[in-house]
Amino acid sequence: MSRIQTTFNQLQAQGRKALIPYVTAGFPFADITPSLMHGMVEAGADVIELGVPFSDPMADGPVIQKAGEKALGMGVGMVQVLDHVREFRQRNTTTPVVLMGYANPVERYDQKHGTAGAGSAFVRDAAEAGVDGVLIVDYPPEECEAFAADLRAHGMDLIFLLAPTSTDERMAQVARVASGYVYYVSLKGVTGSGALDTAAVEQMLPRIRQHVHIPVGVGFGIRDAATAQAIGQVADAVVIGSRIIQLIEDQEHAKVVPITIDFLRGIRKALDA
């Protein structure tokens, strides 16, 4: 059983919902990510999504794009992201870590570090670093069966996005290869865009659950405790990303972690209320 599945099982037994914060690795300072991850756990995070910086993040809005550009400018790529996870794992062996990103950095990593016939170097090294799940925005489920099997063989889950536009056929395709949880993108558009329609999310989740029998997290557009609480009534997990990036983007080094902890504690309290 993966760390992600164990975490969701424990939360379900307690009647609680998962809080999944997202931050871009290496933002706003190249060295801050491991301490930021520990701070998020201290504030009540159940799973951490770590964004892998990429130069062309088509699903991300301006806030996360800018964070990725800044991290890339400080030399943070996949090698450094895996180092962040290794450092985090020295003190935390239980909180699941999910890498969220795009195909290009994964495939480039394999080209640079792979050996013929030995499977994916990325999968091998991610497992060794202590990664629990991978969400590759631009990997369609119908082309991912070998990748998903390789991840599962290394104890990791392959997580997929579903959107308001997802058809029943797409949901069934995702259900065949996904494990851990699925991430329902509650808005049409990019991260950080628009206002969240909680009634529309409430209507969509039973449709998703007809096909997908693993936990469903909801993200894109959750910015405060009230929205998180409303989504937590219907989803298994609440994902918050752009709002955290906005809160920390112009802060001095010493304030990044305390500000994140303070914000997430409010969200955790609302989810548990």
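Taking the Cβ of Tyr183 as the centre, find all other residues whose Cβ is under 12 Å away and add up their charges (Lys, Arg: +1; Asp, Glu: -1). Write down the numbers at each step before the final one.
Values: positive: none; negative: Glu49, Asp157, Asp236.
Residues near Tyr183 contribute -3 overall.
Which cross-chain or sequence-distant (5 or more) residues have an amide H under 5 Å from the amide H of Tyr184, H modelled 1.01 Å from N in plane?
Amide H neighbours of Tyr184, under 5 Å, 5+ apart: Leu162, Gly217, Val218, Gly219.
Please compute, over every Cα-Cα pair in the range 1-140, the percentage with a separation greater than 23 angstrom. Please report the intermediate quantities before stating the final value.
Numbers: 3254 of 9730 pairs.
The calculated P(r) of the range 1-140 puts 33 percent of pairs beyond 23 Å.
Using Cα pairs under 8 angstrom and six or more residues apart, how large is the relative contact order of the chain, in percent?
Numbers: 500 pairs, mean separation 62.7, N = 273.
That works out to 23 percent.
Mean 1/r over all different Cα pairs, inverted: what Kirkwood radius does the range 36-87 give, in Å? Present the calculation step by step, with values, prior to reporting the outcome.
Values: mean 1/r = 0.0825 Å⁻¹.
About 12.1 Å, per the Kirkwood formula over Cα pairs.
Counting Lys and Arg as +1 and Asp and Glu as -1, what is the net charge of the other residues whose Cβ lies under 14 Å from the Cβ of Ala13?
Details: positive: Arg16, Lys17; negative: Asp46, Asp236.
In short, 0.
Please state the Cα pair-distance histogram of the range 223-273 with 5 angstrom bins from zero: what percent is in each bin?
In order of increasing distance, the bins hold 4, 21, 30, 20, 14, 8, 3, 0 percent.
For the range 134-216, I need the span (max minus min coordinate) of the C-alpha atoms along each principal axis, in Å, sorted largest to smallest.
Sorted from largest, the Cα extents of the range 134-216 read 39, 26, 19 Å.
Could you tell me what % of all Cα pairs in the range 1-54 have separations over 15 Å? If you can, show how the numbers build up before the last one.
Details: 757 of 1431 pairs.
Counting every Cα pair in the range 1-54, those more than 15 Å apart make up 53 percent.
Check Asp138: other-chain or 5+ apart residues with amide H under 5 Å from its amide H, H built from backbone geometry?
Ala103
Can you compute the helix-only [θ] at 222 nm over the chain? Use -39500 (n - 2.57) per DSSP H run of at least 4 residues, normalise by all residues, nearest 500 deg cm²/dmol.
Numbers: 12 runs with 134 residues, N = 273.
Calculated from helices alone, the mean residue ellipticity at 222 nm is -15000 deg cm²/dmol.
When only C-alpha pairs under 8 Å and at least 6 residues apart count, what is the relative contact order of the range 124-273, in percent?
Values: 204 pairs, mean separation 26.0, N = 150.
Reported as a whole number, the value is 17 percent.
May I ask for the Rg/Rh ratio of the range 162-273, computed from Cα atoms with Rh as the Kirkwood radius, given to two decimals? Display every interim value, and only then the final one.
Working: Rg = 15.1 Å, Rh = 14.9 Å.
On the Cα set of the range 162-273, Rg over Rh gives 1.02.
Under a cut-off of 17 Å between alpha-carbon atoms, report the aspartates and glutamates in cross-link reach of Lys70, not counting same-chain residues fewer than 8 places apart.
Asp31, Asp56, Asp60, Glu249, Asp250, Glu252
I'd like to know which of Leu205, Ala270, Leu247 lies farthest towards the positive end of the charge dipole of the range 188-273, counting +1 on Cβ of Lys and Arg and -1 on Cβ of Asp and Glu.
Result: Leu205, furthest along the dipole toward the positive end.
Along the charge dipole of the chain, which of Gly180, Phe27, Met40 sits closest to the positive end, that is, farthest toward it, with unit charges on the beta carbon of Lys, Arg, Asp and Glu (+1, +1, -1, -1)?
About the Cα centre, the residue reaching furthest to the positive side is Met40.
Of Val218, Leu158, Gln10, whose Cα points farthest to the positive end of the dipole of the chain (charges on the beta-carbon: +1 Lys, Arg; -1 Asp, Glu; origin at the Cα centre)?
Sorting the options by dipole projection puts first Gln10.
Taking the alpha carbon gyration tensor of the chain, what are the square roots of 5 times its eigenvalues, largest first, to the nearest whole Å? If you can, show how the numbers build up before the last one.
Values: eigenvalues 122, 109, 63 Å².
Each semi-axis is the square root of five times an eigenvalue, giving 25, 23, 18 Å.
Based only on Cα atoms, what mean projected area does the convex hull of the range 71-203 have, in nm²?
Details: hull surface 39.2 nm².
Projected over every direction and averaged, the Cα hull of the range 71-203 covers 9.8 nm².
Read-outs throughout are calculated quantities, based only on the coordinates presented, and are distinct from any laboratory measurement. If you're wondering where the values come from, they're calculated on a predicted model, not measured in any experiment. Note that we place each Cβ from the backbone using ideal geometry, even for glycine, and neighbour counts take in every protein chain shown.
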